[in-house]
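Okay, structure first, notes after.
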Amino acid sequence: MDIGNAALVVIDMQNGFVNHHSRDAVPAVCDLVARWSAANRPVIFTRYFNYPDSPYERFFRWDRLQEPPETDIVPDLAQAAAHAHAVIDKTGYTLFTPDATALIRLAGWTDLVFCGIATESCVLKSAADAFEHGYAPWIVTDASASDAGPDVHEAGLVVARRLIGAGQLVTADYVVGQLPACVRTTMRD
């Protein structure tokens with residue numbers, strides 16, 4: 001991981017995606033965001049917005065996350081999101097909206113570290129798209145979850161290993177362990 005050229009991407013930590021299956025990810029993501037931010041590294045949040053007659057509504061009959069409070073970032077992360085490098089609003093699975101694509105290119109980030117909800121959909125799709133755009137994607141396995149349950153989270157990780165490589169799946173401890181090298185480099189500059 002090139003921590004000096006990395007951004008932390010917090011995927012869809014919104015009220016509408018947090019339930020009894022995914023709520024354990026909230027403190028893990030909060031801790032990771034706090035440590036990442038303390039090292040002066042950039043954090044991006046995404047927010048998903050559904051809309052009437054969306055593909056999710058048409059094909060899944062799923063009409064949630066169309067308005068607050070479901071679309072709001074969870075209270076534990078609202079302050080961090082307000083101070084984030086960027087908050088990217090999206091209507092699909094991936095981080096890679098035109099705005100996000102331009103932001104990442106202009107910032108010169110080479111590595112994108114993903115955490116959040118849901119492992120098998122928005123986290124996985126964003127990481128796979130990062131891979132296809134030539135970035136090094138990392139999924140923080142213990143700071144991600146599925147609102148559909150732990151089996152679906154694990155299924156998402158199985159697919160991620162096939163799409164982006166087993167070595168790209170890491171723990172929060174691994175990521176936090178990389179941060180001191182970044183802080184030392186910054187202090188020398």
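Annotations
- Residue match in region 87-97 (condition: within 23 Å of D151 (Cα to Cα), open to solvent by 10 Å² or more (accessible area, probe 1.4 Å) and of a type in the set (V, I, T)): yes
- Exactly one residue out of W109, W62 is modelled with pLDDT under 95 and of a type in the set (A, V, I, L, M, F, W, C): that is W62.
For (1) over 15 Å from the mean Cα position of the chain (by Cα); (2) closer than 23 Å to A172 by Cα, each residue gets a yes or a no:
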| residue | (1), (2) |
| --- | --- |
| W62 | yes, no |
| P69 | yes, no |
| A82 | yes, yes |
| H85 | no, yes |
| G92 | no, no |
| L103 | yes, no |
| V113 | no, yes |
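- Test: residue in region 34-45 that is crowded, with 18+ Cβ neighbours inside 10 Å and over 19 Å from A172 (Cβ atoms): no
This table checks each residue for (1) under 23 Å from L179 (Cα atoms); (2) touching a residue at least 12 places away in the same chain (Cβ under 8 Å); (3) surrounded by 24 or more Cβ atoms within 10 Å (Cβ to Cβ).
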site	(1), (2), (3)
V113	yes, yes, yes
A128	no, yes, no
I139	yes, yes, yes
D142	yes, yes, no
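- Residues of region 27-52 that are in a helix (DSSP H, G or I) and either among the charged types (D, E, K, R) or more than 15 Å from the chain's Cα centre (by Cα) (or both): D31, R35, A38.
- Selection status of I11, in contact with a Ser or Thr (Cβ under 8 Å, 6 or more places away or on another chain) and of a type in the set (V, I, T): yes
- Taken over region 146-182, the criterion of being surrounded by fewer than 16 Cβ atoms within 10 Å (Cβ to Cβ) and outside any helix (DSSP H, G or I) is satisfied by G149, G165, T171.
- Criterion: within 18 Å of D147 (Cα to Cα), modelled with pLDDT of 95 or more and not acidic (D, E) - qualifying residue of V33, V29: V29
- Tallying residues that are open to solvent by 10 Å² or more (accessible area, probe 1.4 Å) and either of a type in the set (K, R) or touching a strand residue (DSSP E or B) at 6+ places or on another chain (Cβ under 9 Å) (or both) within region 7-25 yields 6.
The values are calculated or read from the model by the stated rules, or taken from the named source; none is laboratory data. All figures in this text were calculated on a predicted structure; none of them were measured in a lab. Ideal geometry is used to build each Cβ from the backbone, glycine not excepted, and the neighbour counts take in all protein chains shown. For the accessible areas, the whole protein counts, side chains as well, though only heavy atoms, and no ligand, DNA or RNA atoms are used. Shrake-Rupley method; radii C 1.70, N 1.55, O 1.52, S 1.80 Å.
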